1. Taking every DSSP beta bridge with both residues inside the chain, roughly what % is antiparallel (nearest 5)?
2. What aspartates and glutamates does residue 53 reach when the alpha-carbon gap must be under 15 Å and sequence neighbours fewer than 8 apart in one chain are set aside?
3. How about residue 74: which lysines have a C-alpha closer than 26 Å to its C-alpha, ignoring those fewer than 8 places off in the same chain?
4. Given H placed 1.01 Å from N in the peptide plane, which residues other than close sequence neighbours of residue 67 have an amide H under 5 Å from its amide H?
5. What label, among (i) 47, 38, 21; (ii) 45, 30, 27; (iii) 52, 30, 26, belongs to Cα extents along the principal axes in Å computed from the structure on display?
6. So which trypsin sites (Lys or Arg not before Pro) in the range 62-97 end up in coil per DSSP with only 13 or fewer other C-beta atoms within 10 Å?
7. Got the relative contact order for the range 1-115 handy, in percent, Cα pairs under 8 Å and 6 or more residues apart?
8. Return the loop-located GluC sites (Glu not before Pro) in the range 11-118 (DSSP other than H, G, I, E, B) with at most 15 other Cβ atoms within 10 Å of their own Cβ; answer none if there are none.
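What follows draws every value from the coordinates through simple rules; no lab data is involved. The model shown is predicted, which means the values in this text are computed figures rather than measured ones. Cβ: placed from backbone, ideal geometry, glycine included. Neighbour counts: every protein chain shown.
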Amino acid sequence: MPLCRLETNLSKEQIPEDFLIKLTEKLAEIMNRPQDQFFVVMQPNMTIYHDFKQLPSVILTIKAAERFNPDNNKKYFPEIVKLFLSQLKVEPEKLVILFEDVSPDFVGTGEGLMSQTM
């Protein structure tokens, strides 16, 4: 059950209408997970400063249980970057991606902790 949080200073109007669908499809493909397991949250219109400037920027945080490690991250990273740079037109240095591995004991839904439902 990956949780993806996209924070950006782009306005909602600057983001293609189908971007979250494309993001979910890409993440499901590269992470080998069903699309319906992904939760994606987008926060446009944020104030983001980098290098004392407010240029178009994106921060993507992906949290998932037992999915991230140095080898997997090296596979995931270029695919995600390619999608963001082509769709959102931000400069590469204004895109930050954080992979956060979470213990199945620390995440769950109304059905229970992942460690109990796996």
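1. Working: 9 of 22 bridges.
Roughly 40 percent of the DSSP beta bridges within the chain come out antiparallel.
2. Filter leaves 91, 93.
3. 22, 26, 63, 82, 89, 94
4. 102
5. Matching the structure shown: (ii).
6. On the way: sites: 63, 67, 74, 75, 82, 89, 94; in loops: 67, 89.
Taking the range 62-97 and a limit of 13 other Cβ atoms within 10 Å, the loop trypsin sites (Lys or Arg not before Pro) found are 89.
7. Working: 174 pairs, mean separation 36.8, N = 115.
RCO, the range 1-115: 32 percent.
8. Details: sites: 13, 17, 25, 29, 66, 79, 93, 100, 111; in loops: 17, 66, 111.
Here the GluC sites (Glu not before Pro) that fit, given the DSSP loop and packing criteria, are 17, 66, 111.
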